[in-house]
Amino acid sequence: MNIDESLGAVISMKAMNHYLIVSERNMDTQVQLIDTKTKTGYLFGLTGDGPGRILQSADIIPIDDKHIGIYDIQKRTLFDFHTDSVLKLNRRCQPEVLIKEILSFPMSVGHLNS
């Protein structure tokens, strides 16, 4: 496995296509996408309070086969990351869509695509 850093404390893990997405507690990033075909890990989801940054990831919510939803419990925000952007940009990847002010934890995001 080619992973630059340790995962930190794992919060949540989900399989999506041939990827494993791991929500973690690390100093710099909150999430890691592991490509099971190439056995390579990609860190993304920068930690912080600024725009596009995650304070405290709570869960991974696969939106579709190319979009990874990361719920930030402190910001009450669902961050939408595109897998192609994660693979290309790694830590510099920014979320494509911010769905803000979700007051309770979303169990399903099917209604978000309509």
**Request:** Find all pairs meeting these conditions: Cβ atoms under 9 angstrom apart; at least six residues apart or on different chains; first residue within the stretch 22-39 and in contact (Cβ under 8 Å) with a residue 60 or more places away in the chain; second residue of a type in the set (Gly, Ala, Ser) and open to solvent by 10 Å² or more (accessible area, probe 1.4 Å).
**Result:** Thr29/Gly8
**Prompt:** Does Ser104 fit the bill of being modelled with pLDDT under 90 and part of a loop (DSSP other than H, G, I, E, B)?
**Reply:** yes
**Request:** Looking at (1) under 17 Å from Met13 (Cα atoms); (2) open to solvent by less than 70 Å² (accessible area, probe 1.4 Å), find the lone condition where Ile73 falls short.
**Result:** (2)
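The values are calculated or read from the model by the stated rules, or taken from the named source; none is laboratory data. This one's a predicted model, so the numbers in the text were calculated from it and none came from an experiment. Methodologically, a virtual Cβ is constructed for each residue, glycine included, from the backbone with ideal geometry; neighbour enumeration extends over all protein chains shown. Heavy atoms of the whole protein, side chains included, go into the accessibility calculation; ligands, DNA and RNA do not. Shrake-Rupley method; radii C 1.70, N 1.55, O 1.52, S 1.80 Å.
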